[in-house]
């Protein structure tokens, strides 16, 4: 059994902020950084998502060399503001898995800033909870969850999820995207439930409407003072600049990020989404807007409901276990998928 974070080291345990894309992971991460005591790192460490699948296990020195060479060319490394030589020595000599890599990089960042602890932002870690926990036994997981109807709307607007070619119409693409949301949420919840002492769920809606109470609950879990007034004063990252997919539509959209689906999705779109992922919405505390008679699932959406989770599971497995998966969609450019930088005037 993987040990949990003990009471003695919880105050310094690493925190992993994760969740389906567009769920508020950026915002929550920036709140942690703004609270003080965390190393300020606005980069991206896709060791599990890209580097290990692309180059292989870090138990091999030749693999470590390739991983290191690629990482040193990335914006994620430049954002560490670390000297490449000592970091390279530690990665080559001390790293045997993805957790070692994250720990070596982030420990160095924290030490350079004289910070007591660090947190990692990566939505896709919601798919790798067991990997992370195996490699970093004292890791704490914060899973942020948002209404799947708003996720489907936002991801579709920004092209964040590509449905299969035959599901590109308005309604079918929204249904496919909502199934992607459900798949990520269920994967995170299922794996997180295996480590109940070190896993917590935060709802985006609670973070927006009741920030003090929500941050107080989270602060107790990670043993960190998440003072809302101090967080607002620091205002790092998304606290000062919106990440909304609707940001071009004016300030009013920034102030009202909740329930956009109610105004922007058609009745048919809502009916299709609720018929397909309604059970998951309810399980996570989201009320359905339509009566059962209007949520009848047709054959096509029933087929999509069976097919998409299997397709996404297979894609994830292939990425980790086959040469074809290792080379599919593995551009080095993905290493630059990171939170927006904190303005130098704010950092200093």
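The values are calculated or read from the model by the stated rules, or taken from the named source; none is laboratory data. What you see is a predicted model, and the numbers here were worked out from it, not measured in a lab. Glycine also receives a Cβ, built like all others from the backbone with ideal geometry; neighbour counts cover every protein chain displayed.
Tell me the residue from 178, 169, 154 that is closer than 20 Å to residue 288 by Cα and at pLDDT below 95, please. Answer to the check: 154.
Restricted to the range 56-89, and to residues there that are in contact (Cβ under 8 Å) with a residue 60 or more places away in the chain and part of a helix (DSSP H, G or I), the residue that is nearest to the chain's Cα centre (by Cα) is 76. Among the residues making up the range 74-86, a single one is touching a helix residue (DSSP H, G or I) at 6+ places or on another chain (Cβ under 7 Å), surrounded by fewer than 20 Cβ atoms within 10 Å (Cβ to Cβ) and under 17 Å from residue 46 (Cα atoms): 75.
Give me the residue from the range 251-261 that is within 25 Å of the chain's Cα centre (by Cα) and either closer than 23 Å to residue 305 by Cα or assigned to a helix (DSSP H, G or I) (or both) and, out of that set, modelled with the highest pLDDT. Walk me through it before giving the result.
Keep residues of the range 251-261 that are within 25 Å of the chain's Cα centre (by Cα), which gives 253-261.
Imposing the further condition that a residue be either closer than 23 Å to residue 305 by Cα or assigned to a helix (DSSP H, G or I) (or both) reduces the set to 253-255, 261.
Values: 253: 48, 254: 50, 255: 58, 261: 96.
Taking the candidates together, the pick is 261.
Return the residues of the range 192-216 that are farther than 24 Å from residue 150 by Cα and either modelled with pLDDT under 95 or in a helix (DSSP H, G or I) (or both); say none if nothing qualifies. Correct list: 196, 197, 198, 216.
One line per residue, one yes/no per condition, for (1) out of contact with any strand residue (DSSP E or B) (no Cβ under 7 Å at 6 or more places or on another chain); (2) at pLDDT below 95; (3) surrounded by fewer than 22 Cβ atoms within 10 Å (Cβ to Cβ):
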site	(1), (2), (3)
11	yes, yes, yes
16	no, no, no
19	no, no, no
22	yes, yes, no
31	yes, no, no
42	yes, yes, yes
49	yes, yes, no
56	yes, yes, yes
61	yes, no, yes
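Only residues that are in contact (Cβ under 8 Å) with a residue 24 or more places away in the chain and either in contact with a strand residue (DSSP E or B) (Cβ under 6 Å, 6 or more places away or on another chain) or in a loop (DSSP other than H, G, I, E, B) (or both): list them for the range 146-160, please. 146, 147, 160 - these are the residues of the range 146-160 that are in contact (Cβ under 8 Å) with a residue 24 or more places away in the chain and either in contact with a strand residue (DSSP E or B) (Cβ under 6 Å, 6 or more places away or on another chain) or in a loop (DSSP other than H, G, I, E, B) (or both).
Mind listing whichever residues of the range 166-194 are surrounded by 21 or more Cβ atoms within 10 Å (Cβ to Cβ) and more than 19 Å from residue 32 (Cβ to Cβ)? Before the answer, list the steps.
In the first step, residues of the range 166-194 are kept if they are surrounded by 21 or more Cβ atoms within 10 Å (Cβ to Cβ); the result is 174-185, 188, 192.
Passing the criteria: 174, 175, 176, 177, 178, 179, 180, 181, 182, 183, 184, 185.
How about the range 264-279: which of its residues are crowded, with 17+ Cβ neighbours inside 10 Å and outside any helix (DSSP H, G or I)? Give the steps one after another, and end with the answer.
If we filter the range 264-279 for residues that are crowded, with 17+ Cβ neighbours inside 10 Å, which is where we start, we get 265, 269-278.
265 - this is the single residue of the range 264-279 that is crowded, with 17+ Cβ neighbours inside 10 Å and outside any helix (DSSP H, G or I).
I need the full set of residues from the range 161-178 which are part of a helix (DSSP H, G or I) and over 17 Å from the mean Cα position of the chain (by Cα), in order please. Even if it seems obvious, please write down each step before you answer.
The initial filter retains those residues of the range 161-178 that are part of a helix (DSSP H, G or I), namely 165-167, 170-178.
Within the range 161-178, 165, 166, 167, 170, 171, 172, 173, 174, 175, 176 qualify.
For residue 236, are the conditions met, namely being over 17 Å from residue 277 (Cα atoms) and at pLDDT 95 or above? Spelling it out, it is not the case that residue 236 is over 17 Å from residue 277 (Cα atoms) and at pLDDT 95 or above. Out of 192, 188, I need the residue that is in contact with a helix residue (DSSP H, G or I) (Cβ under 6 Å, 6 or more places away or on another chain), closer than 18 Å to residue 277 by Cα and touching a residue at least 40 places away in the same chain (Cβ under 8 Å). Which one? Of the residues listed, the single one that is in contact with a helix residue (DSSP H, G or I) (Cβ under 6 Å, 6 or more places away or on another chain), closer than 18 Å to residue 277 by Cα and touching a residue at least 40 places away in the same chain (Cβ under 8 Å) is 188.
Restricting the range 280-317 to residues that are under 22 Å from the mean Cα position of the chain (by Cα) and not in a helix (DSSP H, G or I) leaves a set whose member that is surrounded by the most Cβ atoms within 10 Å (Cβ to Cβ) is 286. When each of 116, 139 is tested for being more than 18 Å from residue 58 (Cα to Cα), in contact with a helix residue (DSSP H, G or I) (Cβ under 9 Å, 6 or more places away or on another chain) and surrounded by 24 or more Cβ atoms within 10 Å (Cβ to Cβ), the lone residue that passes is 139.
Would you check if residue 176 is touching a helix residue (DSSP H, G or I) at 6+ places or on another chain (Cβ under 8 Å) and under 28 Å from residue 83 (Cβ atoms)? No; evaluated as a whole, the condition is false for this residue.
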